[in-house]
Amino acid sequence: QVQLVESGGGLVQAGGSLRLSCAASGSIFSVNKMTWYRQAPGKQRELVATINSDAITTYTDSVKGRFAISRDNAKNTVYLQMSSLKPEDTAVYYCNALLKISSAASLRSHWGRGTQVTVSS
């Protein structure tokens, strides 16, 4: 069984910082791409940042220069360092991992349950 567990969410004031973590555990052969998504009330889920197996990163325009994604391959963990937070960053943040459970398996997408980030004015 593969599980992804997010942590690090909470309530912060505008301009503050948070670091989210997402640890993948279970039967994992390799982890390809790891991604952070978020979903604000009344809005669709959107991609925030991605990091591939070569540590190449991408960001949505609204967080560029403020957020940084990184990963620790030894721990199968992805992080999202969030700085200069704005009220519009308020959302449930979800972790996604594209991974294999064995060398012969196909890539599969796995989701965490989410962690709440609330940024007050």
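The values are calculated or read from the model by the stated rules, or taken from the named source; none is laboratory data. Given the structure is predicted, the values throughout are model-derived calculations rather than measurements. Quick reminder, even Gly has a Cβ in these numbers, built from the backbone with ideal geometry, and neighbours come from all protein chains shown. Accessible surface areas use protein heavy atoms only, side chains included; no ligands, DNA or RNA. Shrake-Rupley method; radii C 1.70, N 1.55, O 1.52, S 1.80 Å.
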Subset of the stretch 38-78 (residues that are hydrophobic (A, V, I, L, M, F, W, C) and in a strand (DSSP E or B)): LEU47, VAL48, ALA49, ILE51, PHE67, ALA68, ILE69, VAL78
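Got a number for residues in the stretch 1-27 being more than 17 Å from the chain's Cα centre (by Cα), part of a loop (DSSP other than H, G, I, E, B) and modelled with pLDDT of 95 or more? Spell out the reasoning first.
Step one: filter the stretch 1-27 for residues more than 17 Å from the chain's Cα centre (by Cα), giving 1, 11-16, 26-27.
Checking which are part of a loop (DSSP other than H, G, I, E, B) leaves us with 1, 14-16, 27.
From the residues that got through so far, the ones that are modelled with pLDDT of 95 or more too are 14-16.
Selection size over the stretch 1-27: 3.
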- line: Exception for ASP54 within (1) surrounded by 13 or more Cβ atoms within 10 Å (Cβ to Cβ); (2) acidic (Asp, Glu); (3) out of contact with any Leu (no Cβ under 9 Å at 6 or more places or on another chain) falls at (1)
statement: All-but-one check, TRP111 against (1) within 17 Å of the chain's Cα centre (by Cα); (2) open to solvent by less than 40 Å² (accessible area, probe 1.4 Å), failing number (2)
